[in-house]
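Only one structure is covered here, and it is reproduced in the block below.
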Amino acid sequence: MASPTLICDTEPWNDLKNHVEEIKKSHLRNLMSDTERCKSMMVEFDGMLLDYSRQNATLETLNKLYQLAEAAHLKEKINRMYSGEHINSTENRSVLHVALRAARDAVINSDGKNVVPEVWKVLDKIQEFSEKVRIGSWVGATGKSLKDVIAVGIGGSFLGPLFVHTALQTDPEAIKSSRGRQLRFLANVDPVDVAKSIAGLNPETTLVVVVSKTFTTAETMLNARTLREWISAALGPSAVAKHMVAVSTNLTLVEKFGIDPNNAFAFWDWVGGRYSVCSAVGVLPLSLQYGFSVVEKFLKGASSIDQHFYSAHFDKNIPVLLGLLSIWNVSFLGYPARAILPYTQALEKLAPHIQQVSMESNGKGVSIDGVLLPFEAGEIDFGEPGTNGQHSFYQLIHQGRVIPCDFIGVVKSQQPIYLKGEVVSNHDELMSNFFAQPDALAYGKTPEQLQKENVPPHLIPHKTFSGNRPSLSLLLPTLSAYNIGQLLAIYEHRIAVEGFIWGINSFDQWGVELGKSLATQVRKQLHASRTKGEPVEGFNFSTKTLLTRYLEASSDIPADPPTLLPRI
Ligand code: F6P
């Protein structure tokens, strides 16, 4: 039930506003010495441990946040999502990415129809097709096995699959099952990205998967036409049927493009682009690379969190707790950013994926009812693998702005290394940082401590750390396909919780449209100027000057050039 009042007009919101003063009087140094508090700020679920004791929060804060959740009708909103109601009201759609990883016998309805059998029909088709390609019974036009895959897509049709692929690449089971195969991605419409994606590949042994929910995205369609040309130029136009398949909700456009609909893998409009990694968008390219059984484990991990999110009490519910704490940090403590800091290189693409899931979902200025928000929703996400970040932006996090941090660590490395004679293993070295950094942020270092260390007085201000900087730590047993699925679902649901509390629609993305339509006007102008020499018209002084300069400086480009493909 959408609340007609804005959340900021409710009593629990005001109560939390008033509570800020009290919290500001406390310091994490003191809060951390209360063992009972810390004990109650740990949650274990399915092998994971979440420790949120380093948040600028007390048990009273948490209780107030639960009241806020009640005022926002959080439980009802979660239930409405799972029961297939059209909670994406501006697009009149259900939001059912949970159905993508539901068990075969589950029942999840959208518009009165159980969608789970359709989901499994596509998963079965993916399994069959990917096995054929992997064992070499589906071959290319010249009879060679297709050992390389280029997935063409952008945004949600790229970032989630890239994150999962990067995380699996170093997993021992996934390494074994992907031996001799390559998976690459082509997202940017920049011809340089095309060149990089095909460098060293032979069209004869390459399968192109065009991934686009709408099959209209300008970048993806030009890249798809470019790779179609790359295949045709080498093997003839008839080779396209063997070398190109598609993932889309728009099978009519897939066919128009020249891809046999039998070689298309469907998904549905109740799957948002940024929530689509568990649909054919991610499952097809990942199954081609790693085999369906590995990808199925990833789906199972996500499903485990789906059930936890749906049924666990809020005080033990990881996505709910994380979402509420983000609200606390952003809307009450005034910290608008969040750093995602995995202490495993395998998660190097987690932050870019979460940037889209979070910022495209919650970067909104109006409530779900269209009322202008008198507070700012959404948060700024960024991140890097931990120790790399330490040598980059951690300076700002320790002594500059306050940025709540997510520390993500794994108990057992995917790739353990031990060197005889070293003090600790390589993974222990990495994890020493994972355990130390949150305390450095929380406790800081006082001028008194520095004096005791005989630090020269003029350096004391520079070497002082105020501390009291919030973070949370999530410890995973390892980084298997299953754990990767868990992590994905935790972030997806956490972000939904934030949107549900702010009272916005986290599942539309109207903010990406304006730039797209202005680019259409520019594209028309470039065409007219290049082919007919038409002057630049209809733009402001700045854009006109830049465009004119661009055209003049590249006037050697022929008006109607022959096809030119990268020479890398
Ligand atoms: O950037 C806007 C957007 O619509 C995203 O939401 C989506 O993930 C991306 O473009 C790609 O869209 P499609 O899968 O339809 O090509």
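Readers should treat all values here as calculations from the given coordinates under stated rules, not as data from a laboratory. Computed from a prediction, not measured in an experiment: that's the story for all the values here. Cβ: placed from backbone, ideal geometry, glycine included. Neighbour counts: every protein chain shown.
Evaluated against (1) within 16 Å of the ligand (Cβ to nearest atom); (2) part of a loop (DSSP other than H, G, I, E, B), Glu534 falls short on exactly one condition, (1). The set of residues from segment 154-180 being touching a Leu at 6+ places or on another chain (Cβ under 7 Å), closer than 30 Å to Lys516 by Cα and away from the ligand (no atom under 16 Å from the Cβ) comprises just one member, His165.
The residue that is nearest to Leu565 (Cα to Cα), counting only those in segment 201-219 that are near the ligand (Cβ under 7 Å from one of its atoms) and surrounded by fewer than 16 Cβ atoms within 10 Å (Cβ to Cβ), is Thr216.
Within segment 29-47, the set of residues being touching a residue at least 24 places away in the same chain (Cβ under 8 Å) and touching a Leu at 6+ places or on another chain (Cβ under 8 Å) comprises Val43, Gly47. In segment 273-285, the residues that are in contact (Cβ under 8 Å) with a residue 12 or more places away in the chain form Cβ pairs under 6 Å with partners that are more than 10 Å from the ligand (Cβ to nearest atom) and among the aromatic types (Phe, Trp, Tyr), at six or more places apart or across chains, as follows: Ala280/Phe265; Leu284/Phe265. Search segment 371-420 for residues being part of a strand (DSSP E or B) and among the aromatic types (Phe, Trp, Tyr), and hand back the single one that is surrounded by the fewest Cβ atoms within 10 Å (Cβ to Cβ). Ranking the qualifying residues of segment 371-420, first place goes to Phe382. What do you reckon, is Glu118 without any contact (Cβ under 8 Å) to a residue 40 or more places away in the chain, among the acidic types (Asp, Glu) and more than 16 Å from the ligand (Cβ to nearest atom)? So Glu118 fails the test.
Of all residues in segment 537-568, those satisfying the criterion of being over 19 Å from Asn223 (Cα atoms), assigned to a loop (DSSP other than H, G, I, E, B) and hydrophobic (A, V, I, L, M, F, W, C) are Phe539, Ile557, Ala559. Go through the residues of segment 480-502 one by one and say whether even a single one is part of a loop (DSSP other than H, G, I, E, B), in contact with a helix residue (DSSP H, G or I) (Cβ under 8 Å, 6 or more places away or on another chain) and in contact (Cβ under 8 Å) with a residue 24 or more places away in the chain. Within segment 480-502 (the criterion being part of a loop (DSSP other than H, G, I, E, B), in contact with a helix residue (DSSP H, G or I) (Cβ under 8 Å, 6 or more places away or on another chain) and in contact (Cβ under 8 Å) with a residue 24 or more places away in the chain), the answer is yes, since at least one residue qualifies.
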